[in-house]
Structures are given as C-alpha cells and as structure tokens.
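Chemist: Please find one structure pasted underneath; my questions will follow.
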Amino acid sequence: MPKGSPERTAARKEEIINACEKLYQTMSFKDITLKEIGKETSFSRPTIYNYFQTKEEIFLALFEREYVRWNEELGSVLQDNETLTKKQVAEKLASSIAHREELLKLLAMNNYDMEANSRPEILTSFKVAYGESMRSVCRILTKFCPEKSVQEIQEFIYVFFPFMFGIYPYTAVTDKQREAMNQANVDYVYQSVFEITNKCLLKLL
C-alpha cells in the first residue's frame with residue numbers, strides 16, 4: 001500500500017489519471033503503457049504500482065472520473081429545473097452528453113477487458129459512479145415525466161445506456177473511414193453527438 005497521507009495518495013492518483021488522459025488524447029489504448037504514463041508523472045514508474053497495478057486500472061479510474069463529472073451535470077439538471085417538457089428533457093440530456101467526448105470514447109472501448117484486468121476494489125469504485133449515473137437519469141425521468149411507470153423508466157435505462165456505447169464510433173469519423181464508406185457505396189448521414197443522442201432520447205421518451 002502507498003505510504004503517506006490520504007491527501008498525498010489522492011494527489012498521486014489524480015496525477016497518474018491526468019497523465020493517462022493526456023496520452024489518450026493523441027494515442028490509442030493499446031499503445032499507451034505504464035512506462036509512457038510514468039514519463040508524464042513527477043515520480044518514477046515503479047511508484048505507479050503503489051496505486052494502480054495495471055494500465056486497465058488507470059483507465060477504469062479515468063472512466064470513473066468521467067462518470068462522476070457527468071453525474072454532477074445530471075444533478076444540476078435535476079436541481080435547476082422545476083418542470084421540463086419531454087423535448088426539453090431530451091435536449092438537456094443530449095447536451096450533457098455532447099461535450100463528454102472522453103466518456104463516449106471510453107465507452108466505445110472494450111470494457112470487458114478493462115474490468116477483467118482490474119482489482120475488485122477498483123472495479124467496485126467505478127461501478128458506484130456508473131450506478132449513480134443510472135440513478136440520476138431515473139430521478140430526472142421520475143421528476144419530469146411523472147406519467148412514466150417504474151417499469152417504463154427501467155426500460156428506458158436499459159435501452160439508452162447500451163446505446164451510449166455506440167455514440168462515439170458513429171460521430172467521431174476519420175477521413176479514412178469516410179473514404180471507405182464512399183468506396184463501399186454506403187449512403188450514411190453523419191450526425192453530431194447532440195443530434196444522434198437527442199433523436200434517440202425523443203423516441204424513447
């Protein structure tokens with residue numbers, strides 16, 4: 001276990017997560033190593049093992065942080081509005097997703113391997129943040145769509161949250177992918193994160 005105060009431990013973990021996030025902006029998951037992450041921190045690579053045992057654990061911690069940030073925004077939607085129409089609910093939720101590119105990019109990864117290569121306590125901490133996102137959306141629907149039953153809200157959750165896994169691949173399209181679609185004669189209409197999410201939400205609501 002790492003030595004030092006809880007504050008020092010938290011600061012070290014945050015620095016490691018920030019280093020991972022910085023690399024992830026220009027590198028792929030498979031190309032990022034603990035060695036590369038260590039180069040971006042103010043301490044030696046072996047020190048990282050005091051806090052995270054695998055690259056996947058670091059990515060899962062980054063994933064958790066993205067859910068926590070989204071949860072804060074979902075909380076604001078709930079607290080800052082007395083009433084919302086279904087159209088407004090869709091717009092608020094879609095807007096909250098539209099600028100969470102990091103979260104959407106992580107969702108598009110192979111979460112199975114990420115979770116499988118993380119210790120139970122790291123995975124549990126992540127699931128707490130993920131679960132709070134589901135509960136936050138449930139609370140928003142309960143407040144602003146009171147006509148919906150508990151079952152209907154659950155059905156909404158189990159359609160919308162899996163849908164989120166596909167948002168990034170459908171909206172972050174490279175020139176290479178566009179050209180391949182053209183060569184394959186696939187008539188595809190490219191949409192923004194807000195557009196594709198808002199349309200899905202309107203149909204679900």
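Values in this text are rule-based calculations from the coordinates and carry no lab data. It should be emphasised that the depicted structure is a prediction, and the values quoted were computed from it without experimental measurement. When we count neighbours, we look across all protein chains shown, and the Cβ atoms used for this are built from the backbone with ideal geometry, even at glycine.
Chemist: When ranked by the protection proxy of mean other Cβ atoms within 10 Å per residue, highest first, what sequence do the peptides 173-185, 42-54 form? Don't jump to the answer; show the numbers that get you there.
Modeler: Values: 173-185: 10.2, 42-54: 14.4.
Highest mean packing first, the order is 42-54, 173-185.
Chemist: According to the Cα gyration tensor, what semi-axes, each the square root of 5 times an eigenvalue, does the equivalent ellipsoid of segment 6-112 have, listed from largest to smallest in whole Å?
Modeler: Numbers: eigenvalues 212, 50, 19 Å².
Whole-Å semi-axes of the equivalent ellipsoid: 33, 16, 10.
Chemist: State the answer as a single residue: which of 53, 79, 104 lies farthest towards the positive end of the charge dipole of segment 1-117, with beta carbon charges of +1 for Lys and Arg and -1 for Asp and Glu, about the Cα centre.
Modeler: 53
Chemist: By count of other Cβ within 10 Å, fewest leading, how are 85, 41 ordered?
Modeler: On the way: 85 11, 41 16.
Ranking 85, 41 by Cβ neighbours within 10 Å, fewest first, gives 85, 41.
Chemist: Another question, then. Give the value in nm², to one decimal: projected area of the alpha carbon convex hull of segment 1-52, averaged over all directions. Kindly include the intermediate steps, with their values, before the conclusion.
Modeler: Values: hull surface 13.5 nm².
The directionally averaged projection comes out at 3.4 nm².
Chemist: Based on the Kirkwood radius over alpha-carbon pairs, what value in µm²/s does the Stokes-Einstein equation return for the translational diffusion coefficient of the chain at 25 °C and 0.890 mPa s?
Modeler: Working: Rh = 18.8 Å.
Result for D is 130 µm²/s.
Chemist: In debye to the nearest 20, how big a dipole does the chain give about its Cα centre with +1 on each Lys and Arg Cβ and -1 on each Asp and Glu Cβ? Present the calculation step by step, with values, prior to reporting the outcome.
Modeler: On the way: 27 positive and 29 negative charges, 52 e Å.
Once rounded to the nearest 20, the dipole reads 240 debye.
Chemist: Could you work out the relative contact order of the chain, using alpha carbon pairs under 8 angstrom and six or more residues apart, expressed as a whole percent?
Modeler: Numbers: 174 pairs, mean separation 49.5, N = 205.
Value for the chain: 24 percent.
Chemist: Which of the peptides 149-159, 195-205 is most tightly packed, and how do the rest follow, judged by the mean count of other Cβ atoms within 10 Å per residue?
Modeler: Numbers: 149-159: 12.8, 195-205: 17.4.
Most protected by this proxy first, the peptides run 195-205, 149-159.
Chemist: Pairs 39/127; 13/55; 143/199; 13/127; 55/127: which are spaced more than 24 Å apart, C-alpha to C-alpha?
Modeler: On the way: 39/127 29 Å; 13/55 13 Å; 143/199 21 Å; 13/127 18 Å; 55/127 18 Å.
Where the Cα-Cα span goes over 24 Å, the pairs concerned are 39/127.
Chemist: Where the centre of each part is set by its Cα atoms, how far does segment 109-171 sit from segment 52-93, in angstrom?
Modeler: 10
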